[in-house]
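Shown next, in structure tokens, is the structure this report addresses.
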């Protein structure tokens, strides 16, 4: 995994994106040479801003490919889906560049160069994706990992590794310490339910490492006291075997903190979970500037949104709702009203659901486009919220979820946000399990708080809005 902007990305995915940027650039360089000849091509690329024009085209391609989820783990291994999305990317890039060239003609490539380059890019990307898929799915090119222990994170980690070949990790065995149950060295996956585990001594760890040619050991023991063979693991580590804690591996590959095995000591001594004075000042200044800019840009839309709400349903245009902020303080969170005025008269506070009858037709559009969130920029100016942070929850739900979910109170250690890591990584939730899953993402954000992570979330939020995801 490679850490960028305080988030983690699979090295293979990063390599894929960089290689595709280079492929697009090389395709258009080749198109320039094919169209103009070597001498004129050198002149265009070196003295007529040809290199900058090709760079713009390459960035347009890579951005569209990212927004079409072509680097998502669920798409990478699906060849048919990759081909379909690549066709969509080609069409979208054409439209985007046509608009860009209309607004700023100085960036336009020659028509002949663009046509040849476009055809070369289509062929090159299709062939390269096919080759990458073959290499990515081949087990011989993966790092060999052994899971040592059967703690609460062992099974989720195994499922994650098996479903994401782009991580470059293949689990070749599972082994448990004596007294905690263990799998045989050649076991590769969870045992069927009801099948008792064979217990062996932890000394068999060295045998399993040698037998499977293990590159990495992931320690996944629930209670380590008196069971962790520290000297043996140190010996293996000194011989080049990477030894990692399961919580760290799980956090790295999923982008969320595992609350199932969370310990207060880990929270206290692990890196992160510390907001410096500079970071707090940055977040406040950035939030104020972005909220002012957002209010100014949205000002022409506000009369039309207000008129649409008033004409389609009786009641106020704006809606204020109590939410829990930093350190548990309550504040009024403002939104454009998207539900009937009497939406909670009968049932009281309830989460929104699919096809919720309380939501008005205009309100559904406002939620899908996120226009209903514009008034929250006023909350940001007041200091109740930030642009990026955990989404604020209603006090009625907070009291309930705090009792049901351990460490739920930790999400209130920073100001809530209009958007957040959980919002761009997870769908809208309306249950305790969904709230627990979002808490995992929120804790990852709090632990890795940084300007870079804020930028990544803001960039992903635009993707979420454009694709209409996560709204109810």
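The values are calculated or read from the model by the stated rules, or taken from the named source; none is laboratory data. Remember, predicted model here, so these are calculated numbers, not experimental data. Neighbour counts run over all protein chains shown; Cβ positions are idealised from the backbone, glycine included.
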For this session: Any chance you could count how many residues in region 85-114 are farther than 30 Å from residue 168 by Cα and in contact (Cβ under 8 Å) with a residue 12 or more places away in the chain?
Result: 14
Seminar exercise, completed: Exactly one of 209, 214, 172 is modelled with pLDDT of 90 or more and crowded, with 18+ Cβ neighbours inside 10 Å, and that residue is 214
Exercise. Give me the pairs: first residue in region 45-65 and closer than 19 Å to residue 14 by Cβ, second residue outside any helix (DSSP H, G or I), beta-carbon distance under 8 Å, and six or more apart or on different chains, which are they?
Worked result: 65/71
Problem set entry | Every residue from region 426-455 that is within 10 Å of the chain's Cα centre (by Cα) and either surrounded by fewer than 19 Cβ atoms within 10 Å (Cβ to Cβ) or at pLDDT below 90 (or both) | 426
For this session: Just give me the residues in region 221-265 being at pLDDT below 75 and in contact with a strand residue (DSSP E or B) (Cβ under 9 Å, 6 or more places away or on another chain), in sequence order.
Result: none
Exercise. Given the structure, is residue 120 closer than 29 Å to residue 49 by Cβ and in a loop (DSSP other than H, G, I, E, B)?
Worked result: no
For this session: Taking residue 54 as meeting all but one of (1) within 20 Å of residue 133 (Cβ to Cβ); (2) buried (at least 18 other Cβ atoms within 10 Å of the Cβ), write down the number of the exception.
Result: (1)
For this session: Evaluate region 29-41: report whether one residue or more is surrounded by 19 or more Cβ atoms within 10 Å (Cβ to Cβ) and under 21 Å from the mean Cα position of the chain (by Cα).
Result: no
Exercise. What is the residue count in region 2-28 for residues that are surrounded by 17 or more Cβ atoms within 10 Å (Cβ to Cβ) and either in a loop (DSSP other than H, G, I, E, B) or not assigned by TED's automatic domain parsing to the domain that holds residue 113 (or both)?
Worked result: 2
Problem set entry | Options 5, 16; residue that is in contact with a helix residue (DSSP H, G or I) (Cβ under 9 Å, 6 or more places away or on another chain) and over 19 Å from residue 132 (Cα atoms) | 5
Exercise. If you go through region 399-419 one residue at a time, do you hit one that is in contact with a strand residue (DSSP E or B) (Cβ under 6 Å, 6 or more places away or on another chain), in a loop (DSSP other than H, G, I, E, B), within 21 Å of residue 326 (Cβ to Cβ) and modelled with pLDDT of 90 or more?
Worked result: yes
